[in-house]
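Student: Following this message is one structure expressed as structure tokens.
The values are calculated or read from the model by the stated rules, or taken from the named source; none is laboratory data. These numbers were taken from a predicted model, which means no experiment stands behind them. Using ideal geometry, Cβ is built from the backbone for each residue, glycine included, and neighbour counts are taken over all protein chains shown. Just so you know, the surface numbers come from the protein's heavy atoms only, side chains and all, with ligands and any DNA or RNA stripped out. Shrake-Rupley method; radii C 1.70, N 1.55, O 1.52, S 1.80 Å.
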Amino acid sequence: MTHVIGLIGGIGCGKSTVANAFLPYGAILFDADRSGHAALYDSVIKRAIEARWGKTVFTPTGNVSRPALAEIVFSNEEELKYLNQLIHPFIIKQFLSKFQEAQATGVRFFILDAPLLLETGMDRYCDHIIFIDANETVRAERVAKRGWSITEFNNREQNQFSLEKKQKKADYVIDNNETVAIMRKQVDSIIAKLSVLP
């Protein structure tokens, strides 16, 4: 059986780092963020974006400008909802395709890294959910390294479920406030528990 493991947590909690810690165990990773970026190159989606927001969210080469789009949607709940409804079916289609490949090849663990896992209902595909815990100071420092402002950090966080609600949905919790080595030991422990399941 292929176990789908969904990763959730606050912005900057380190989901990608945790996801990569599963790869040495032969896990397959689906990065919903990357799939969402790919969706912005889809011709049908691009036309819908242009119809909604015009040429101002496009680069001179005709591609969607993610920073320009983010500035609009992360400060307006209705616009974010529209964008999510637009690209979510694309992400789901890619996810199901990759998951079916994983099942066919006998992959044991399939990691689903989706920032809006609960908000979009993708948790329905998960057998196990892991909450990655990191305090606000640590998370703010991490996103600052991406070039985000505190305002951008707060705007994006407000568009997600609360950390308390996320943690209540989790089967396991990983403390990711410390070193990568400490985090990996927690991943090892979870893998050991899941490995005895059918």
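Student: Check 21, 68, 48 and return the single one that is modelled with pLDDT of 95 or more, surrounded by 17 or more Cβ atoms within 10 Å (Cβ to Cβ) and in a helix (DSSP H, G or I). Reasoning before the result, please.
Tutor: Values: 68 fails: surrounded by 17 or more Cβ atoms within 10 Å (Cβ to Cβ); 48 fails: surrounded by 17 or more Cβ atoms within 10 Å (Cβ to Cβ).
Answer to the selection: 21.
Student: In the set 6, 12, which member is assigned to a strand (DSSP E or B), small (Gly, Ala, Ser), touching a residue at least 12 places away in the same chain (Cβ under 8 Å) and closer than 30 Å to residue 109 by Cα? I'd like the intermediate steps shown before the answer.
Tutor: Numbers: 12 fails: assigned to a strand (DSSP E or B).
Going through 6, 12 in turn, just one is assigned to a strand (DSSP E or B), small (Gly, Ala, Ser), touching a residue at least 12 places away in the same chain (Cβ under 8 Å) and closer than 30 Å to residue 109 by Cα: 6.
Student: Keeping to segment 71-100, report how many residues are closer than 16 Å to residue 35 by Cα and open to solvent by less than 100 Å² (accessible area, probe 1.4 Å).
Tutor: Looking only at that region, the number is 15.
Student: Quick check: is even one residue across segment 121-131 surrounded by fewer than 12 Cβ atoms within 10 Å (Cβ to Cβ) and assigned to a helix (DSSP H, G or I)? Can you show your working first?
Tutor: Applying the first criterion (surrounded by fewer than 12 Cβ atoms within 10 Å (Cβ to Cβ)) to segment 121-131 yields 121, 124.
From what is left, the residues that are assigned to a helix (DSSP H, G or I) are 124.
There is at least one residue in segment 121-131 that is surrounded by fewer than 12 Cβ atoms within 10 Å (Cβ to Cβ) and assigned to a helix (DSSP H, G or I).
Student: Okay, moving on. Residue 173 - would you say it is surrounded by 14 or more Cβ atoms within 10 Å (Cβ to Cβ) and among the β-branched types (Val, Ile, Thr)? First the steps, then the outcome.
Tutor: Working: surrounded by 14 or more Cβ atoms within 10 Å (Cβ to Cβ): yes; among the β-branched types (Val, Ile, Thr): yes.
Yes; evaluated as a whole, the condition is true for this residue.
Student: Give the residue, chosen from 160, 103, that is more than 14 Å from residue 15 (Cα to Cα), touching a residue at least 40 places away in the same chain (Cβ under 8 Å) and open to solvent by less than 60 Å² (accessible area, probe 1.4 Å). Lay out the reasoning, then the answer.
Tutor: Details: 103 fails: open to solvent by less than 60 Å² (accessible area, probe 1.4 Å).
Just one listed residue meets the conditions, 160.
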